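A short worksheet on the structure shown next.
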Amino acid sequence: MVASSQPLAVAAAINTLRSGGNAIDAAVTATLVLMVVEPMSTGVGGDCFGLIYPVKEKRLIGLNASGRAPSGISVETLLQRGITRMPLEGPLSVTVPGALDGLAQCLARFGTITLREALLPAVFYAENGFPVSEIVAQMWESGANKLKNNPESKRVYLPNGRSPLAGELFRNPDLAHTLRLIGEQGRGVLYAGEIGEVLVRAVQELKGLLSLTDMSDHVSDWVEPIKTDYRGFEVFEMPPNNQGLAALLALNIVENYRLFEMGHNTAEYLHHLIEAMKLALADARDKIADAGEPINLDELLSEKHAQAQRALINPQTARNVVDRIAEREPGDTVYVAVVDEEGNVVSLISSLFKAFGSGVTAPGTGLLLQNRGSGFNLEPQHPNSVGPGKRPYHTIMPGMIMRDDRPWVCFGVVGGTMQPQGHLQVVCNLIDFNMDAQSALDAPRFRVLEDGKLALEDGIADNVRSQLCAMNHHIRSASTEEGFGGGQAILISEGTLYGGSDPRKDGCALGY
C-alpha cells in the first residue's frame, strides 16, 4: 500500500512494488515524482527525513537528509549587511539541498533498484508533462509573486506569465534534463559536478554565500529516532534538528488526561490539547537546533517535565501568554507512506519549506532551491542561531506508531508548525478514539498560530467555538484560511492494511 498527496506519485510507487521493488524503492520513486508534480512543495533543491523499518533488522532507523548552512554565514555576517531577521526568500535563505543524497542513501542501503530506475517516472512527467491537480493549482497561484522576483523561476514555472490552471498540462524540460543527468552520473553531479556548479553560481551571483565546498562536504546521517510511550503504544519521531520532539512533548502532557471521557473535539478536549501544544511548541523553539547543540532529551521527555508543564495548564482558562511558537507563514511539504508485502515500512517526507522555497531557480536546470535557512534566527546565544555548517530548526516530520515492537501506523501531516499539531491530533484520534486511518485524518483540526491566537477548522461546532472564546482563547475570525495540514496514513492490523489520504490534498491511498 502507498499513500501520498498526488495520485501520479502513488501510481508510480505501486508500479514499483508490482515490478518487484520493495517499500524503500517505492517511497523514493514516489518522492522523486512529487518533486516534479508538486514543484512548490518539494524538489531536488530541498531536504528530506525518513523513518524506515526494514523487516530483516526488526528495528526503526532514522534518516536525516537535511542540508547545512553555508560555511561563510554567521550572525555577524548578516548583521553587517543590515539584516536583522533571517530572510524568508532569496539567496541568503538557501541551505545545501540534502534530499538527493538522502534518497540515494536509502536506495544504496535498503533498496533493490538503482537511482536511475527510481528516476524514470519523474523524468517522464517532467519531459512529457502532467495535468496540474486542483489543490496544486491553487498553491501554484498563491506562490506566483515569489516566482516573479527571479527571472529564471518566472520563465520555468510561470509559462505565459501565469501559473498553470487546474487540468492544464505542465512540462519542465530543463528539470527532465537535470534528472537524466542525475540518473546517469549519480548524486555527485549535484554535489560535486556540473549541476552543483550552476546552482552555486546562481546563488553567488545574487550575493548568496553557498559554495562548492559546502555542496561537496554534504552527507546525510543515519540516526536513532526518539520516542515516547502513549497509552501502551510507542510513538516515534526524528530527533533535533527536527521538530518531532514537539509532538512527543505534547503527547506526554495529555496522556494524564481522560481524553475519551471529555469527548472528541469538545471544548474541554480541545482546550487541553491546545494548551499542551502551546507549551510543547514553546519548548521546541527554545531547545531544538542542530544536533551539535546541547539538549537533554531524556529530561525533556521525562514524566517529571510533563508533570511540570501540566501544572501550568488551567482546565478552565487559556494561559494569557504569547510565546514565539510558529514560523511566519505556513510551509509546503510532501509525504509518502509505504508498506510492502514483506513488511518493510517507510515514512518519508520532503520539502522546499515555504511555497517554491527561496524562489531562486538555477538557470537551465529547473531546480528551485529551498529557503530552509529561514528556520534559523539571529539571536547570538540561542542554540538555533545561524552559523557555519549548522542545520536549522526543521519542520518536516515523518511519524511512526509501534505496537508490540512492530509498526502499527505509518503517518505524516504536512504544513510547517502544523505538523506536530497534526501529529498530536491524529495520534489521539487513532489511540484515544479508536478511529480508522481515514477518519483520523478527516476529523476537523485546530492550529495554534504564531501570535498565540487559535485557528479552528470548519466542522468544529459553533457552540464549541463560543465555549473556547469564553475560556480566553482568541480565535482568528478568518480561521478557515489557515493551513490545517494534509496527512497520509497506513494502519497495519493482523495482515490487513488500512490506508487514509487527507481530503485537504489531491492524493490517495492505494493497495493491492
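The values are calculated or read from the model by the stated rules, or taken from the named source; none is laboratory data. None of the values given here were measured: they were computed from a predicted structure. So basically every Cβ, Gly included, is an ideal-geometry build from the backbone, and we count neighbours across all protein chains shown.
Screening the candidates GLY357, GLY415 for the property of being modelled with pLDDT under 95 and either in contact with an Asp or Glu (Cβ under 9 Å, 6 or more places away or on another chain) or at positive phi (or both) yields one hit, GLY415. In the set ALA470, ALA440, ALA461, only one residue is among the small types (Gly, Ala, Ser) and under 21 Å from the mean Cα position of the chain (by Cα); that residue is ALA440.
Applying the condition of being farther than 30 Å from GLU57 by Cα, of a type in the set (A, V, I, L, M) and touching a residue at least 40 places away in the same chain (Cβ under 8 Å) to the stretch 209-224 and asking which residue is surrounded by the most Cβ atoms within 10 Å (Cβ to Cβ) yields LEU210.
Per the listing PRO363, PRO380, the residue uniquely at pLDDT below 95 and either in the same structural domain as PHE170 (by TED's automatic domain parsing) or over 18 Å from the mean Cα position of the chain (by Cα) (or both) is PRO380.
A single entry from GLY483, GLY500 fulfils the requirement of being closer than 23 Å to ALA246 by Cβ, surrounded by fewer than 24 Cβ atoms within 10 Å (Cβ to Cβ) and within 18 Å of the chain's Cα centre (by Cα): GLY483. Scanning the stretch 236-285 for residues that are among the acidic types (Asp, Glu) and either touching a Lys or Arg at 6+ places or on another chain (Cβ under 9 Å) or surrounded by 22 or more Cβ atoms within 10 Å (Cβ to Cβ) (or both) yields GLU237, GLU255, GLU275. I'd like the full set of residues that are touching a strand residue (DSSP E or B) at 6+ places or on another chain (Cβ under 6 Å) and under 20 Å from GLY483 (Cα atoms), limited to the stretch 428-447. Result: GLN438, LEU441, PHE446, ARG447.
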